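To start, the structure under review is shown below, and the notes come after it.
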Amino acid sequence: MNENPTDATKAGAPEPIAPPAQPPPDEPLLHGRLHMETHRESGVSMAEILSRRAFFQRLCIALSGVCAVILGVPLVGFVLYPLFRKTPEKWITLGKTGDFEVGKTVNVNFIDPSPLAWAGITARNAAWLRRETATEFIAFAVNCTHLGCPVRWMPDAELFMCPCHGGVYYKDGTVAAGPPPRPLIRYEVRVVNDEVQLKSQAIPITTTL
């Protein structure tokens, strides 16, 4: 049986290898090209596109700055206002003269006449009041001049003592021992229509170490 050499050659020859598939074009690059071609066809140059983009970026930054200023100014004012406001002074009635014994030192409580909105319980203030004579009164702030801790009156020793850091004051408010740098702060006291009145004032916050 005769074989066709052409058929044999076809049977033994390897199959043709298909060329490797080309990777798909980069989609962002293709999109950018199409975008450029679209704008080129519409007559808009790349310089105009970039200038518009820069304009909108600067506009967004400017608007963000304006919003930050609008929101920030009230917050800064809310925080700094208490530091610069002047605390009003007011005479506060503590009681009748007959409520206090001569020579006795007592703790009296009163409300700060100008408390801050967030003061809460801290708006309550106190002082040590002593009736020296029938018509003379003396009052001291309860805050130690060292770090502002409340002082206690020790009637047996006739001393004011700070239990926090060992500050000691004589009965007239002067420093006897310990770290306090200054005497106790004194309030003005007067008697009007048989009423004992104390003049409120801002008590400075001390941080002396």
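The values are calculated or read from the model by the stated rules, or taken from the named source; none is laboratory data. Here the structure is a predicted model, which means the values were calculated and not measured. Positions of Cβ are generated from backbone atoms using ideal geometry, with glycine treated the same way; all protein chains shown enter the neighbour counts.
Taking region 96-124 as the region of interest, how many residues are modelled with pLDDT of 80 or more and hydroxyl-bearing (Ser, Thr, Tyr)?
Qualifying residue count for the region: 2.
Suppose the filter is assigned by TED's automatic domain parsing to the domain that holds ASN109 and in contact (Cβ under 8 Å) with a residue 40 or more places away in the chain; does THR174 pass it?
Spelling it out, it is not the case that THR174 is assigned by TED's automatic domain parsing to the domain that holds ASN109 and in contact (Cβ under 8 Å) with a residue 40 or more places away in the chain.
Residue under question is LEU209, and the condition is that it be over 22 Å from TRP91 (Cα atoms) and modelled with pLDDT under 90; does it hold?
So LEU209 fits the description; yes.
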